[in-house]
Amino acid sequence: MQTLTSPVPTPPRRSPHVAPPTMLSSSETPPTYYTPLMDISPWLLMGPSVSLTHLSIPSQLVSMYKFPPKMSLCLPSSQGMGPYSGDLWIGGGPFYYPPFQKDVSTIFASTPLVGNNKSGEYLIDVKSIQISGKTVPILNGATKICTLTPYTVLHTSIYKALVTAFVGTTKMAKAPAVKPFGACFLSNGGRAVPVIDLVLGGGAKWRIHGSNSLVKVNKNVVCLGFVDGGVKTKNPILLGGFQLEDNLVEFDLKASKFSFSSSLLLHNTSCTRDRLFGM
């Protein structure tokens with residue numbers, strides 16, 4: 001397959017700028033620190049300053065205000081960022097994203113965090129990957145969640161198996177590959193996009209739909225948004241920012257649990273919608 005040499009441009013890294021925070025509290029729920037992530041690139045998040053390590057900003061807030069040790073992120077789409085660009089929550093919900101009328105945490109699925117959470121790394125156990133019900137073989141090892149990585153990076157063996165399964169299932173016509181991606185398709189022939197399921201420890205499934213699996217590289221071409229990381233990867237799967245977009249995710253260090261909504265677009269909302277409080 002022909003590969004185009006022109007790489008996909010990565011959105012520029014911008015200096016963080018946050019709007020004034022809001023302190024939320026009620027007699028029924030613990031206090032929560034909330035701030036919209038105004039003008040923050042998704043890939044700047046969850047670095048040392050935003051993780052829940054003892055020197056990080058969220059950890060300082062947890063200690064100062066006695067918040068529950070939870071951090072929640074809702075990252076906006078990098079392919080259509082508007083003036084409102086996501087949310088960071090410290091201390092938990094509730095989370096309301098209109099027009100969806102329920103607290104989004106009611107649709108959470110959860111899986112245990114594994115390893116030493118104090119390191120600032122967030123690790124989960126991906127048991128298998130399924131595409132339209134067909135299992136993709138993977139290697140043993142913890143999956144790291146890191147928005148500093150634009151797209152999910154896979155060990156070569158997993159990457160090849162994923163691409164083979166995806167190409168064999170989709171009905172989209174192939175297009176020349178565009179670096180750094182290895183599988184691209186014509187976007188004008190319909191979007192029969194297979195769902196990619198991450199089967200996690202505890203039995204939960206993280207469903208990755210087309211908005212989180214296909215990257216639009218130009219008006220006619222989309223590419224499978226996963227990257228070949230070679231055979232010497234530290235983690236067999238490094239889950240990147242693109243796959244997290246328009247998903248509300250929560251890291252609960254006290255319960256050692258990672259919770260996620262899967263795509264909010266399925267509920268006619270997104271991480272670029274303004275919040276409502278007190279519902």
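The values are calculated or read from the model by the stated rules, or taken from the named source; none is laboratory data. Values in this document were obtained by computation on a predicted structure and should not be read as measured data. Using ideal geometry, Cβ is built from the backbone for each residue, glycine included, and neighbour counts are taken over all protein chains shown. Areas reflect the complete protein model, heavy atoms only, side chains present, ligands, DNA and RNA absent. Shrake-Rupley method; radii C 1.70, N 1.55, O 1.52, S 1.80 Å.
Quick check, is G80 open to solvent by 20 Å² or more (accessible area, probe 1.4 Å) and modelled with pLDDT under 85?
On the way: open to solvent by 20 Å² or more (accessible area, probe 1.4 Å): yes; modelled with pLDDT under 85: yes.
Yes; evaluated as a whole, the condition is true for this residue.
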How many residues are open to solvent by 40 Å² or more (accessible area, probe 1.4 Å) and assigned to a strand (DSSP E or B) when one looks only at segment 128-161?
3
Could you go through segment 109-116 and let me know if any residue there is modelled with pLDDT of 90 or more and surrounded by 21 or more Cβ atoms within 10 Å (Cβ to Cβ).
yes
Test P58 against the criterion of being at pLDDT 65 or above and not aliphatic (A, V, I, L, M), and give yes or no.
no
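Based on what the data block shows, is G225 farther than 19 Å from D103 by Cβ, open to solvent by 40 Å² or more (accessible area, probe 1.4 Å) and not polar (S, T, N, Q)? Spell out the reasoning first.
Working: farther than 19 Å from D103 by Cβ: yes; open to solvent by 40 Å² or more (accessible area, probe 1.4 Å): no; not polar (S, T, N, Q): yes.
So G225 fails the test.
Show me the strands (runs of 3 or more DSSP E) found entirely inside segment 169-279 where at least 3 residues are hydrophobic (A, V, I, L, M, F, W, C).
Filter on segment 169-279 gives 184-186, 196-200, 214-218, 221-224, 237-239, 247-252.
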Segment 238-264, residues that are open to solvent by less than 10 Å² (accessible area, probe 1.4 Å) and either at positive phi or among the β-branched types (V, I, T) (or both)
V249
Take segment 117-127 and flag every residue that is at pLDDT 90 or above and assigned to a strand (DSSP E or B).
L123, I124, V126, K127
